[in-house]
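Visitor: The structure follows.
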Amino acid sequence: MNRDLPTPPGFASIDAVTAALSGAGYIASRQVATALYLAHHLRKPVLIEGPAGVGKTELAVSAARALGYALIRLQCYEGLDDSRALYEWQYGKQLLYTQVLKEKIGQLIDQADSLPEAFARLTGFKDLFFSRDFLQPRPLLQAMEQAGGSVLLIDEVDKSEEAFEALLLEVLADYQITIPEIGTIRAQVPPLVILTSNNTRELGDAIKRRCLHLHIGFPEPAFEQQVLRARVPGIDEALLRQLVNFVQALRHENIRKPPSVAESLDWARTLLLLHAPSLDATLVNDTLNVLLKRESDIQAVLPRIELLTREALAPAPVGGAR
């Protein structure tokens, strides 16, 4: 594996990472840009933790777009195994091969005049049954074989089982995969590996030691405005401020699933679609299901809609990042 590859312009500095991500539509904090910069230069994966919808997956997608790399995604789930993550043998092709092989072996043996000669002919026969020709690469192996570089997104790794973490260790530590029938396949170009977790379970220490840690939480008001301004062009500045004020305050309500940045973006697009000049209690009530995805949360917030809307219309931002 070549670890001395030229540094892409987008990874030349932390500021370059910020600019490259911005060009791909992702507004990155200094912390996020620093983590990606270090991930490339230290050749270490990044484990990103935080609530759902704050941009963990989008960061990997934007990084691939900014760098011109292939994005290879492995969506984790309970029961995920090596046949879905690493590789799988193409049994149909192998079966056809055995039929052809049987015919060829018969021809070789028939042409032999003695048992030693027949054995010598079989020994010299190249068996391709367990070879790269019959191997179906899955995301982890695909990432190792990308000559032009790749971003390997291992999404929601906390949804997989602990046994899957052990399977990942060789990939994350050495950027290689060992296939018993073939040998070790090393990455042509070490991929930029991004793992995401919503903290549904605690990950093991072994996998954490191999990664840089990054936490992305709910953003501060000014940063959230910056993100929405970049992702929802054309939204009025006054409405943008009111929207962010309302969402920030809503995150402090006693609800099970506070709205994330993804919901903020959806709500901004909704208000733009409705040509809303300003927030009002009726508008908020009609579109609250865009922000809150649980009926119990909606019912808990409804009695406070008018108060929260009045606070959102106030000149100064309310609330803060949680």
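The values are calculated or read from the model by the stated rules, or taken from the named source; none is laboratory data. Keep in mind that what you see is a predicted model, and the values were worked out from it rather than measured. Using ideal geometry, Cβ is built from the backbone for each residue, glycine included, and neighbour counts are taken over all protein chains shown. These accessible areas exclude ligands, DNA and RNA; they are computed on the full protein's heavy atoms, side chains included. Shrake-Rupley method; radii C 1.70, N 1.55, O 1.52, S 1.80 Å.
Visitor: So A28 passes all but one of these: (1) under 15 Å from the mean Cα position of the chain (by Cα); (2) farther than 19 Å from S150 by Cβ. Which condition number does it fail?
Guide: Condition not satisfied by A28: (1).
Visitor: Filter segment 1-43 down to the residues that are among the basic types (K, R) and either at pLDDT 95 or above or in contact with a Gly (Cβ under 9 Å, 6 or more places away or on another chain) (or both) and list them by number.
Guide: Residue satisfying the conditions is R30 alone.
Visitor: To continue, here is another question. Here is a list: I72, I48. Which entry is of a type in the set (V, I, T), open to solvent by less than 20 Å² (accessible area, probe 1.4 Å) and in contact with a Pro (Cβ under 7 Å, 6 or more places away or on another chain)?
Guide: Residue meeting the stated conditions: I72.
Visitor: If you don't mind, there's one more thing I want to ask. Among (1) modelled with pLDDT of 65 or more; (2) touching a Leu at 6+ places or on another chain (Cβ under 8 Å); (3) loosely packed, with under 13 Cβ neighbours inside 10 Å, which single condition is T98 missing?
Guide: Condition (2) is where T98 drops out.
Visitor: Quick test of your reading of the structure: F125 fulfils all but one of (1) at pLDDT 70 or above; (2) in a loop (DSSP other than H, G, I, E, B). Name the failing condition by number.
Guide: (1)
Visitor: Give the residue, chosen from L203, L279, that is out of contact with any Gly (no Cβ under 8 Å at 6 or more places or on another chain), more than 30 Å from C76 (Cα to Cα) and hydrophobic (A, V, I, L, M, F, W, C).
Guide: Just one listed residue meets the conditions, L279.
Visitor: Counting only residues that are crowded, with 18+ Cβ neighbours inside 10 Å and touching a helix residue (DSSP H, G or I) at 6+ places or on another chain (Cβ under 7 Å), how many does segment 25-43 have?
Guide: Matching residues across segment 25-43 total 8.
Visitor: May I pose another question? Determine whether P277 is surrounded by 14 or more Cβ atoms within 10 Å (Cβ to Cβ) and either assigned by TED's automatic domain parsing to the domain that holds G23 or not in a helix (DSSP H, G or I) (or both).
Guide: Answer is no for this residue.
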